[in-house]
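Values in this text are rule-based calculations from the coordinates and carry no lab data. From a predicted model like this one, the values you see are computed outputs, not experimental measurements. Counting neighbours? That spans all protein chains shown, and the Cβs are built from the backbone with ideal geometry, glycine included.
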Amino acid sequence: MERIGFVGVGRMGANMARRLCDVGCSVVAVYDVDAARAESLANEIGAECARTAARVAELATVVFTVVSDDADMRGIFAADDPGSLLAHAKGRLFVNCATVSPEVHIDVETLVEQRGGQSLEACMASSIPQAREGTLYLMCGGKQESFDRA
């Protein structure tokens, strides 16, 4: 079974994590720039409250990213930051649910693949109730093998 992590646990990310836990998935770590929010969710679902995005990728085999904009996405995938997701990209699948520019998704995929990982663009087309209920629509783009793994 894949070990799942979340980077970005605002209303959408937190409810996605809760739903996955509800259906028996193993959510092992969460991270958010709002450490109190991440800690609260981690306590609720029995996951580790990671102090860096890199720690989430260290513990999880699949990492969902749910951040708010291009700058945040570039920050969590910063090539020169040892605390970024790229520190443990090898063998990992990153399912990027943030609504960001196509260029950022392409750049992230390139950086992840250079480090031996996989990336899947998975833009959300629903809202918080659907995330919690497990009826969230994701519009996916990426390589077939990444999609199949997800």
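Counting other C-beta atoms within 10 Å, which of Arg18, Arg92 has the fewest, and how do the rest follow?
Details: Arg18 17, Arg92 24.
Taking fewest neighbouring Cβ atoms as first place, the list is Arg18, Arg92.
So what's the back-of-envelope 222 nm ellipticity for the chain, counting only DSSP H runs of four-plus at -39500 (n - 2.57) apiece and dividing by all residues, rounded to 500?
Values: 7 runs with 62 residues, N = 150.
Result for the chain, helices only: -11500 deg cm²/dmol.
Working note: Karplus 6.51/-1.76/1.60 with θ = phi - 60° gives region 26-36 the couplings 9, 8, 9, 7, 9, 9, 8, 4, 8, 4, 5 Hz, where Gly and Pro are set to x. When both region 113-128 and region 23-37 are represented by their alpha-carbon centers, they are found 17 Å apart. Counted by neighbouring Cβ atoms within 10 Å, the residues Cys97, Cys21 run from fewest to most as Cys21, Cys97. Annotation: amide H of Phe94 within the under-5 Å range of Val63, Gln118, Ser119, Leu120, sequence separation 5 or more or interchain, hydrogens built in the peptide plane.
So which residue, out of Ala122, Ala14, Ala71, gets the largest mean-square fluctuation from a GNM of the chain using Cα contacts under 10 Å as springs? Fluctuation is largest for Ala71.
Counting every other Cβ atom within 10 Å of each residue's Cβ, Met16, Met124 order from fewest to most as Met124, Met16.
The residue list Gly24, Ala150, Leu138 was ranked by how far each Cα lies along the charge dipole of the chain toward its positive end, using unit charges on Cβ atoms, and Gly24 comes out on top.
Our coupling estimate for region 119-127, obtained by passing each phi through the Karplus curve with A = 6.51, B = -1.76, C = 1.60 and θ = phi - 60°, is 9, 9, 6, 9, 5, 7, 10, 9, 9 Hz, Gly and Pro reported as x.
Evaluate the relative contact order of the chain (contact order divided by residue number), counting alpha-carbon pairs under 8 angstrom at least 6 apart; express in whole percent. Could you put the intermediate results ahead of the total?
Details: 313 pairs, mean separation 31.3, N = 150.
This gives 21 percent for the chain.
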